[in-house]
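Peer 1: Pasting a structure below so you can have a look.
The values are calculated or read from the model by the stated rules, or taken from the named source; none is laboratory data. Because the structure is predicted, anything quoted here is derived from the model rather than measured. For neighbour counting, all protein chains shown are included, and Cβ atoms are generated from backbone atoms with ideal geometry for every residue, glycine included.
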Amino acid sequence: MSGLIPYLLFPGNAAEALAFYRDVFGGELQTLDYATAGRHDGPGDAIAHGQIAGAVELAGADAGADDDAVQMSGMFLSLLGSADATTLTAWFDRLAEGGRVIDPLQRRPWGDFDGTLADRYGIRWLIGFEGEP
């Protein structure tokens, strides 16, 4: 474990969302459905636990009947300086597909680049880097 790993609850589309994030960030995705886990607190084919291990680590599951799916307000998942400028720009562009750019990835007055977006699953991201793209 490398530190803080966001764990996101999805409204029944965790398999799709986690596959999307694996396609964006790379890495290895492992999922376990409720039936295989021997759990009965969710539909058998729903994701009880999924995790991406790689340059960006994320975990998630389908929200149970008593759980709320993730709602992002007042926060972003930050990828500031977490990779080179080319990679971060590609991640921004891929995450923006089907989502909403809040503030484009651009040079700021202090010389660094950053931008914010909400992806197609409503997850908000802050992505940036120092220097030239």
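Peer 1: Filtering segment 1-26 down to residues that are part of a loop (DSSP other than H, G, I, E, B) and either crowded, with 18+ Cβ neighbours inside 10 Å or not aliphatic (A, V, I, L, M) (or both), which residue is modelled with the highest pLDDT?
Peer 2: Taking segment 1-26 first, the residues part of a loop (DSSP other than H, G, I, E, B) are 1-6, 11-13, 26.
Checking which are either crowded, with 18+ Cβ neighbours inside 10 Å or not aliphatic (A, V, I, L, M) (or both) leaves us with 2-3, 6, 11-13, 26.
On the way: S2: 60, G3: 77, P6: 94, P11: 91, G12: 91, N13: 94, G26: 97.
For segment 1-26, the residue satisfying everything is G26.
Peer 1: Okay, next question. Restricting attention to segment 111-127, which residues are on the phi > 0 side of the Ramachandran plot and touching an Asp or Glu at 6+ places or on another chain (Cβ under 8 Å)?
Peer 2: In the first step, residues of segment 111-127 are kept if they are on the phi > 0 side of the Ramachandran plot; the result is 111, 122.
Residue satisfying the conditions is G111 alone.
Peer 1: Here is a further query. Condition first: within 21 Å of G27 (Cβ to Cβ) and aliphatic (A, V, I, L, M). Now tell me which residues in segment 96-107 satisfy that.
Peer 2: The initial filter retains those residues of segment 96-107 that are within 21 Å of G27 (Cβ to Cβ), namely 96-99.
Matches in segment 96-107: A96 only.
Peer 1: So, one more: Examine segment 102-113 for a residue that is over 13 Å from the mean Cα position of the chain (by Cα), touching a residue at least 40 places away in the same chain (Cβ under 8 Å) and not in a strand (DSSP E or B), and state whether such a residue exists.
Peer 2: From segment 102-113, those over 13 Å from the mean Cα position of the chain (by Cα) are 102-113; that's our starting set.
Still in the list and also touching a residue at least 40 places away in the same chain (Cβ under 8 Å): none.
No, every residue in segment 102-113 fails to be over 13 Å from the mean Cα position of the chain (by Cα), touching a residue at least 40 places away in the same chain (Cβ under 8 Å) and not in a strand (DSSP E or B).
Peer 1: Let me ask you something else. Which of the following residues is among the charged types (D, E, K, R), touching a residue at least 12 places away in the same chain (Cβ under 8 Å) and over 23 Å from G3 (Cα atoms): D45, D23, D62?
Peer 2: Numbers: D23 fails: over 23 Å from G3 (Cα atoms); D62 fails: over 23 Å from G3 (Cα atoms).
Among D45, D23, D62, only D45 is among the charged types (D, E, K, R), touching a residue at least 12 places away in the same chain (Cβ under 8 Å) and over 23 Å from G3 (Cα atoms).
Peer 1: Still on this model: Answer yes or no: is there a residue in segment 74-95 that is over 27 Å from E28 (Cβ atoms) and modelled with pLDDT under 95. Spell out how you get there, then give the answer.
Peer 2: The initial filter retains those residues of segment 74-95 that are over 27 Å from E28 (Cβ atoms), namely 74.
From what's left, modelled with pLDDT under 95: 74.
The answer is yes; a qualifying residue exists.
Peer 1: Separate question: Say we look at segment 114-132 and pick out the residues that are over 20 Å from the mean Cα position of the chain (by Cα) and closer than 14 Å to S82 by Cα; which of these is modelled with the lowest pLDDT? Give the steps one after another, and end with the answer.
Peer 2: Let us first name the residues in segment 114-132 that are over 20 Å from the mean Cα position of the chain (by Cα), namely 130-132.
Then drop every residue that is not closer than 14 Å to S82 by Cα, which leaves 130-131.
Working: E130: 93, G131: 78.
Looking at the filtered set, the residue picked out is G131.
Peer 1: Is it the case that segment 88-97 has a residue that's assigned to a loop (DSSP other than H, G, I, E, B), not assigned by TED's automatic domain parsing to the domain that holds H40 and not acidic (D, E)?
Peer 2: no
Peer 1: On the basis of being more than 27 Å from G12 (Cβ to Cβ) and charged (D, E, K, R), does D84 make the cut? Walk me through it before giving the result.
Peer 2: Values: more than 27 Å from G12 (Cβ to Cβ): yes; charged (D, E, K, R): yes.
For D84, the condition - more than 27 Å from G12 (Cβ to Cβ) and charged (D, E, K, R) - is met.
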